[in-house]
Amino acid sequence: MKKVLIFAVNAKYVHSSLSAWILTEGVRKFSKYSYDVSVVEATINEPIDKIVDTVSAFSPDVLCVSSYIWSARILPSILSQLRLRLPNTVFVLGGPEAAFNAEYWLDGLADYVLTGEGEYVLPPFLDALTDEVDLKFGKLANGISGAESANLADRSDNPVDPYTDDYFTALKGRLAYIETSRGCPFSCAFCLSAHDSVKFFPLKDIKNQIRKLAMSDTKTIKFVDRTFNSNPERAYEIFEFCLSLDVSCKFHFEVAADLFDERTLLLLDSAPHGRFQFEIGIQSFCEPALLASSRKTDLRRATENIMRLTKNKNIHIHVDLIAGLPYETLDDFKSSFNRTYGLHAHTLQLGFLKLLHGSVLRSRADEFGLVYSDVAPYEIISNPWLSESDIKVLKQAENALQHTYNKGRFLSALCYVFKVTKLTPFALYSRLGKAFPNHGTHLEDYACQVFSFCIELSDVVKDDLIDHFLYDWLSMVKGKNAPEFLKPRLASSRELADEFEKRPGRKYRRGEAGVLSDGSSIFVDSENRNPVTGLYRVFMVK
């Protein structure tokens, strides 16, 4: 019996690999022969030597590797060392990085690159290896096997269930992924899913899988569908099913806000706080950029729906922008940023265009004058509308945004600063990022930097600013050292200690309360965290 090892490298420990377990079950379900299949999951943060040792210990006959943009940088080093350690092993790569850049990987790193849907492609490939036949089934060019043989046609509507006992043993409470559809009906030029038509998996199977995941010890279930609500009726049924489950886990969906109808919005209004998380791609408000990217969005309707969702405060909303799209200047992007910030999403991700292998924009990079890095993640460096210095300004804004707003930090203080200074969101974040770039700064030190930046702005009153920072600090941290400028305001006086005793059912520790500039007491309930924002409840006593 051949030993087959399926190997995946995740971006973080909290992530898990869905593809590895789909492949495993595909081999077990569709192969002509029996194979001894194992799975190894590593992370990009582990030492390469450790990863190589772990994989080598299995001594597989066939090593199957999933390749993605986040692992593309370290996989060559891993594979080079493994080929020395495992000279008799057949190396097979799949996934988007290999499928759209096969020649690179076949130059000494892999023996074969498989394209297509792995759970249907890998089994006949392994069978062919076992039969020791010429691997010229399906499509074969320079060692690239698409394995697109006719006997797979009836299997494409026969999905596998990756959620086995072995899967849950390996999951260990990490973030779990589920796929209810494959492909995307849209053709965004920066996305690989633009190549694919949509295939929906049977709802009965999907509901069974959701139930199994929800009953496990995972805290978050993330749907990997590229546009989950591309079929609104189907999306409604799955939303409704998730809401019917008596579980505490969260469900994360990537959705198009303009596709929500009134019936679905009413259902979402009833969702328990924190049950759902939505990731919504706006990408840009610049019409020429959207047109060049083949991005079709009803921006007016998307804006209205996002504002409705955020107003209800029961769903965590994450909104994406992409910097570097054709025809969008720095001023255009500033406008997109400020408009998107005004939607009051809980997270505003300022991302940068990535020219992925296989994407339409990469194939048209010379036409548009797009300059990008030749190493993963192939990020934009400049284009005719954004210079390198413009990109630097955007990076500065992204740095400040990521370490403040997107982490729920200093929200009250920032709101106060916007109100009194009349600065636009982009102006404030770009200036803050330039003045105090955060590259691993301790939180209490960064709080001092943000405070020192804000206090120099026009019309900011020091006592008012400290009040807002005190409120923010109590709401966002638990048990961390406070910045120096807040320590005089934190609980230490006899008067505040007396105030603690008046509040029944709870003893407050130092650092859980403070005094505002008008003498009011402020307390944090560090046992009551908002499931949507992640912030603790803060209340005041006059």
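Return only the number of the condition from (1) touching a Phe, Trp or Tyr at 6+ places or on another chain (Cβ under 7 Å); (2) farther than 15 Å from Cys188 by Cβ that Ser293 does not satisfy.
(2)
Listed here are the residues, each with its yes/no results for (1) within 20 Å of Tyr167 (Cα to Cα); (2) basic (Lys, Arg); (3) more than 24 Å from the chain's Cα centre (by Cα).
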position	(1), (2), (3)
Ala11	yes, no, no
Val39	yes, no, no
Asn45	no, no, no
Val55	yes, no, yes
Leu82	no, no, yes
Pro87	no, no, yes
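Here are the criteria: (1) within 20 Å of Ser230 (Cβ to Cβ); (2) crowded, with 17+ Cβ neighbours inside 10 Å. Tell me which single one Asp332 does not satisfy.
(1)
Go through Leu203, Leu265, Leu192 for me and flag whichever is more than 23 Å from Asp320 (Cβ to Cβ) and not basic (Lys, Arg).
Every option except Leu203 fails the conditions.
Taking only pairs six or more apart or across chains, which ones have beta-carbon atoms under 7 Å, a first residue in segment 258-275 that is surrounded by 14 or more Cβ atoms within 10 Å (Cβ to Cβ) and aromatic (Phe, Trp, Tyr), and a second residue that is at pLDDT 95 or above and in a helix (DSSP H, G or I)?
That search, which allows pairs on different chains as well, returns Phe260/Asn229; Phe260/Asn305.
If a residue counts only when it is modelled with pLDDT of 95 or more, polar (S, T, N, Q) and within 28 Å of Leu325 (Cβ to Cβ), which helices (runs of 4 or more DSSP H) contained entirely in segment 385-461 have at least 1 such residues?
Here the list reads 388-403, 425-435.
Which condition number in (1) under 29 Å from Tyr68 (Cβ atoms); (2) surrounded by fewer than 16 Cβ atoms within 10 Å (Cβ to Cβ); (3) of a type outside the set (Asp, Glu); (4) touching a residue at least 24 places away in the same chain (Cβ under 8 Å) is the one that Ser373 fails?
The one condition Ser373 does not meet is (4).
(1) surrounded by fewer than 21 Cβ atoms within 10 Å (Cβ to Cβ); (2) assigned to a loop (DSSP other than H, G, I, E, B): which one isn't true of Ala128, the others all being true?
Tallying (1) surrounded by fewer than 21 Cβ atoms within 10 Å (Cβ to Cβ); (2) assigned to a loop (DSSP other than H, G, I, E, B), Ala128 fails exactly one: (2).
Mind telling me which of the residues Asn305, Asn338 ends up being in contact with a Phe, Trp or Tyr (Cβ under 6 Å, 6 or more places away or on another chain), surrounded by fewer than 21 Cβ atoms within 10 Å (Cβ to Cβ) and not hydroxyl-bearing (Ser, Thr, Tyr)?
Exactly one of Asn305, Asn338 is in contact with a Phe, Trp or Tyr (Cβ under 6 Å, 6 or more places away or on another chain), surrounded by fewer than 21 Cβ atoms within 10 Å (Cβ to Cβ) and not hydroxyl-bearing (Ser, Thr, Tyr), namely Asn338.
For the structure I just gave you, tell me whether Leu414 is closer than 22 Å to Lys487 by Cα and buried (at least 19 other Cβ atoms within 10 Å of the Cβ).
yes
Regarding Asp320, is this residue in contact with a strand residue (DSSP E or B) (Cβ under 6 Å, 6 or more places away or on another chain) and buried (at least 17 other Cβ atoms within 10 Å of the Cβ)?
Considered against the rule, which asks whether it is in contact with a strand residue (DSSP E or B) (Cβ under 6 Å, 6 or more places away or on another chain) and buried (at least 17 other Cβ atoms within 10 Å of the Cβ), Asp320 comes out as yes.
Please determine whether any residue of segment 37-44 is charged (D, E, K, R) and within 28 Å of Glu379 (Cβ to Cβ).
yes
Of all residues in segment 316-346, which are among the β-branched types (Val, Ile, Thr) and more than 22 Å from the chain's Cα centre (by Cα)?
Thr329
In segment 223-241, which residue that is surrounded by fewer than 20 Cβ atoms within 10 Å (Cβ to Cβ) and hydroxyl-bearing (Ser, Thr, Tyr) is modelled with the highest pLDDT?
Out of the qualifying residues, it is Tyr236.
Can you find a residue in segment 139-146 that is among the small types (Gly, Ala, Ser), part of a strand (DSSP E or B) and modelled with pLDDT of 90 or more?
No - not one qualifying residue is present in segment 139-146.
Okay, residues lined up against (1) in a helix (DSSP H, G or I); (2) surrounded by fewer than 17 Cβ atoms within 10 Å (Cβ to Cβ); (3) touching an Asp or Glu at 6+ places or on another chain (Cβ under 6 Å):
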site: Phe190; (1), (2), (3): no, no, no
site: Ala194; (1), (2), (3): yes, no, no
site: Lys204; (1), (2), (3): yes, yes, no
site: Arg211; (1), (2), (3): yes, yes, no
site: Ser216; (1), (2), (3): no, no, no
site: Ile221; (1), (2), (3): no, no, no
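The values are calculated or read from the model by the stated rules, or taken from the named source; none is laboratory data. Keep in mind that this is a model prediction, so the values were computed, not measured. Neighbour counts run over all protein chains shown; Cβ positions are idealised from the backbone, glycine included.
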